[in-house]
Amino acid sequence: MSLADIRKKTKQKPPRIIVHGEAAVGKTYLASQTRNPIMLDVEDGLGKIEMDHIPCKTYSDVMANLDELANEKHEYKTVCVDSLDWFERLLWDKVCEDNSWKSIDQPSYGKGYAETLRYWGEYVEKLNRLRDKGMMIFQICHSEVRKVEDPRIEAYDRYSLKLHKKAAALLLEHSDACFFAAKKLGTIKVQGKSGMTTKTVSGDRIIYTNNDPAFLAKNRYNLPDELPMDWNAIREAMLK
């Protein structure tokens, strides 16, 4: 070590973001609001959203296009992957093909899922190359409700990434932020047959930025617990 190598601050790199939520909550539209985005469209879920995109039908398609974005000169500033859970299926197909397995469950003791981590690791390394090039990483994932076992308290359900737990742990650790997208829930008083009752209603789309018993989330930017589902508002909060 040399004292000349000491730095007071680290150079800020573009964020690595995961946004998860239920179908049709607006995750892909949020991705389209980011700066100069290019979508690796695994799910074919753009619908009417106008956005530069590349259809990807195999694991190799995704990996080759990540290489192209890393090696070629272009004006894109954000690479989006839609969605991680659909990509995971392609990754499993590739692992099975390479190992002559009929399914990812064929090897005993979960060895198939352990083998997938090598492929996920190669994917993450390509994302890192793009980040070093100055591109933000924006990954979309569906949510599913899973039971959380904590020896300190009773088990409870929460929204988590719809990925195998080994892959979810790797990608969550790699990300700078994992946002849960949802419609904000509230209550109103309504007149019922037996008098006034309380009814739960959904309202504006928002993102939750910090972990909660009800959903998985995190961020390294000291963000408020809730933000509007608008990229400009999210970006401004991240820059503060």
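The values are calculated or read from the model by the stated rules, or taken from the named source; none is laboratory data. Here the structure is a predicted model, which is why all the values come from computation and not from measurement. We place every Cβ from the backbone using ideal geometry, glycine too, and count neighbours over all the protein chains shown. Ligands, DNA and RNA are stripped out before the accessible areas are found, and what is left, the full protein with its side chains, is counted by its heavy atoms. Shrake-Rupley method; radii C 1.70, N 1.55, O 1.52, S 1.80 Å.
Would you point out which residue out of 153, 140 is surrounded by fewer than 15 Cβ atoms within 10 Å (Cβ to Cβ) and closer than 20 Å to residue 214 by Cα?
Exactly one residue qualifies, and that residue is 153.
In the range 214-223, the qualifying residues are those that are closer than 10 Å to residue 160 by Cα and under 12 Å from the mean Cα position of the chain (by Cα), and the one that is surrounded by the fewest Cβ atoms within 10 Å (Cβ to Cβ) is 216. Restricting attention to the range 10-37, the residues that are over 14 Å from the mean Cα position of the chain (by Cα), under 27 Å from residue 158 (Cβ atoms) and basic (Lys, Arg) total 0. Entry remark, the range 186-213: residues being open to solvent by 90 Å² or more (accessible area, probe 1.4 Å), touching a strand residue (DSSP E or B) at 6+ places or on another chain (Cβ under 7 Å) and at pLDDT below 65 number 5 in total. Looking across the range 138-171, the residues that are assigned to a strand (DSSP E or B) and over 15 Å from residue 87 (Cα atoms) come down to 144, 145, 146, 147, 148, 156, 157, 158, 159, 160. Within the range 210-240, the set of residues being touching a Pro at 6+ places or on another chain (Cβ under 8 Å) and of a type in the set (Gly, Ala, Ser) comprises 237 only. For the range 164-185, residues that are of a type in the set (Asp, Glu) and either open to solvent by 50 Å² or more (accessible area, probe 1.4 Å) or touching a His at 6+ places or on another chain (Cβ under 8 Å) (or both) total 1. List pairs: first in the range 36-63 and within 22 Å of residue 125 (Cβ to Cβ), second open to solvent by less than 20 Å² (accessible area, probe 1.4 Å) and small (Gly, Ala, Ser), Cβ under 7 Å, 6+ apart or cross-chain? Close Cβ pairs (under 7 Å, with a partner that is open to solvent by less than 20 Å² (accessible area, probe 1.4 Å) and small (Gly, Ala, Ser)) amount to 37/31; 39/31; 42/83.
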